[in-house]
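Visitor: Quick one: the structure is below, questions incoming.
The values are calculated or read from the model by the stated rules, or taken from the named source; none is laboratory data. This structure is a prediction, so every number in the text was calculated from the model and none was measured. As a convention, Cβ positions derive from the backbone with ideal geometry for all residues, glycine included, and neighbour counts pool all protein chains shown. Only protein heavy atoms, including side chains, enter the accessible area calculation; ligands, DNA and RNA are left aside. Shrake-Rupley method; radii C 1.70, N 1.55, O 1.52, S 1.80 Å.
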Amino acid sequence: MRVHDLPTPALVVEAALLKANLATMASARPGAALRPHVKAHKCTALAREQLAAGHRTFTCATAREVAGMVAAGLGEDLLLANEVLDLSRLRALADLAPAARVTVAVDSEATIDAAASAGVREVLIDVDVGLPRCGCAVDDAAELAARARSRGLHVRGVMGYEGHLMVVTDRDDQRAQVAEAMDRLLLAHAVVGGDVVSAGGTGTYDLHDRVTEVQAGSYALMDTHYAQLGLPFGQALFVEATVISVRERWAVADAGLKAFGMDHGNPTVLGGRVLYLSDEHVTIVPDEGRAVRPGDRVRLVPAHVDPTVALHERMHVVDGAEVLESWPVDLRGW
Ligand SMILES: Cc1ncc(COP(=O)(O)O)c(C=O)c1O
């Protein structure tokens, strides 16, 4: 099949760029030094490529991602790096053992008690390292670990996601802030114990020498938000759209707000400028001298990869004009 024959809007992934991104990360953080986060791509076929690059452990954000990874035979060591109180979901995760190893993040008595009563076996103590989201205070980590152990849970260690530091454009500043955040995580680790110290993401993947693993996800596909850091990962993900209407000063293509995660701003378009998006449309101003006709294809680059991918049912792996494979985005949902 040719890319031009794909119904649009279509998520397309340039095979060579994806391959290069996976290889670059695998050489920087080989094997278990990276626990790839599947939330960024929600695709077991892509996770299999990460396995082929040497990573056997994965991070998930939802119970659905965990279950889908296990069903795909990728359940050797999964971390649900998120708090869950829903007992039916936790029981379903517990039931995946012994075929799969599932570790769940906990940050309170409530999440520990829920995990224990649902039959979950292993947890990480999630520690607040500065992002106002999940994670316990460093001072509470020891007590929570003791409670988890008293409830029969195996405490594998700690995690702390410094999401507020992913895109700090001054690298020295970023390095210093990440070091402070990791000081907090290591203080917690000293009292919690365990083999695992898990942190980090694409924006900080190379700033960690005191953790056992980094949870990066976006590096595989990338977006314009991360591109501003100048990381050695290329833009592999695009949304292909068809020009459906042309006026003298603008053209309209068929990929709108329902095809892009917009929290990091508008996508950019190759060969033009995005004016604005509405539900089903993107209005673009083509570069000077570029003639655009109805039926032409345009490629847009998402500003935020994770929520963009989650809006699409499939991603098409392409080599220029040729579609090599179509992968279901099979980890969507909760
Ligand atoms: C818990 C957690 N770990 C790691 C990441 C890093 O992901 P990325 O590499 O896509 O920034 C995220 C992203 O939101 C996250 O929520």
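Visitor: When the Cα atoms of the stretch 265-310 are enclosed in a convex hull and the volume is divided per residue, what value in Å³ results?
Guide: 86
Visitor: Label point 7 Å out from residue 72 along Cα-to-Cβ: which residues of the stretch 307-334 have amide N under 17 Å?
Guide: Counting backbone N atoms under 17 Å from the label point, the list is 307-318, 325-334.
Visitor: Then there is this: As a test of understanding, state the convex hull volume per residue of the stretch 197-334 from its alpha carbons, in Å³. Let's see the in-between values first.
Guide: Details: hull volume 19.0 nm³, N = 138.
Convex hull of Cα atoms, per residue: 138 Å³.
Visitor: Quick one: what do you get for the stretch 113-152 if you divide its Cα Rg by 2.2 N^0.38 Å? Write out the running numbers ahead of the final one.
Guide: Details: Rg = 11.0 Å, N = 40, 2.2 N^0.38 = 8.9 Å.
Working it through for the stretch 113-152, the quotient is 1.23.
Visitor: Classify the stretch 117-264 from the C-alpha gyration tensor, please: rounded if a/c falls under 1.5, else prolate or oblate depending on whether a/b exceeds b/c.
Guide: Details: a/c = 3.21, a/b = 2.07, b/c = 1.55.
Prolate shape, in that a/c is at least 1.5 and a/b is the bigger ratio.
Visitor: In the chain, which whole DSSP H runs stretch at least 24 Å along their own axis (Cα) and average -1.0 or higher on the Kyte-Doolittle scale?
Guide: On the way: long enough: 171-192 (30 Å, -0.13).
Taking the DSSP H segments of the chain (at least 24 Å long, mean hydropathy at least -1.0), we get 171-192.
Visitor: Here's another thing I want to ask about it. Give me the Debye-computed log₁₀ of I(q)/I(0) at q = 0.09, 0.14, 0.15 Å⁻¹ for the chain, equal point scatterers on Cα only, no solvent, two decimals.
Guide: These q points yield log10 I(q)/I(0) values of -0.50, -1.07, -1.18.
Visitor: Calculate for the chain the 222 nm mean residue ellipticity that helices alone would give, adding -39,500 (n - 2.57) per DSSP H run of length 4 or more and normalising by residue count, nearest 500 deg cm²/dmol. Before the final figure, lay out the partial values.
Guide: Working: 9 runs with 91 residues, N = 334.
It lands at -8000 deg cm²/dmol.
Visitor: Just to be sure I understand: if I project the alpha-carbon convex hull of the stretch 237-276 onto a plane and average over all orientations, what area do I get in nm²?
Guide: Numbers: hull surface 12.5 nm².
Reported value for the Cα convex hull: 3.1 nm².
Visitor: Let me ask something else. According to a simple spin-label model (label point 7 Å from Cα along Cα-to-Cβ), what is the distance in nm between residue 23 and residue 313?
Guide: Label-label distance for residue 313 and residue 23, simple model: 3.4 nm.
Visitor: Using the heavy atoms of the protein chains and a 1.4 angstrom probe, tell me the accessible area per residue for the chain in square angstrom. Walk me through the numbers on the way to the answer.
Guide: Values: 14020 Å² over 334 residues.
Heavy-atom accessible area per residue stands at 42 Å².
Visitor: Can you send over the carbon and sulfur percentage of the accessible area for the chain, probe radius 1.4 Å, protein chains only? Walk me through the numbers on the way to the answer.
Guide: Working: 7070 of 14020 Å².
Solvent-exposed carbon and sulfur of the chain make up 50 percent of the total.
Visitor: Follow-up. Per-residue counts of other Cβ atoms within 10 Å, averaged by peptide: what ranking do you get for 249-256, 128-135, highest first?
Guide: Numbers: 249-256: 20.5, 128-135: 18.1.
By packing density, highest mean first, the sequence is 249-256, 128-135.
Visitor: May I pose another question? How many nm is it between the label spots at residue 183 and residue 287, if each spot is 7 Å from the Cα in line with the beta carbon?
Guide: It works out to 4.7 nm between the two label points.
Visitor: While we're on this one: Quote the charge dipole size of the stretch 138-195 about the Cα centre in Debye, to the nearest 20; the model charges only the Cβ of Lys and Arg (+1) and of Asp and Glu (-1).
Guide: For this selection, approximately 420 debye.
Visitor: Under a straight-distance cross-link criterion of Cα-Cα below 18 Å, which lysines are reachable from residue 19, leaving out those fewer than 8 residues away in the same chain?
Guide: 42
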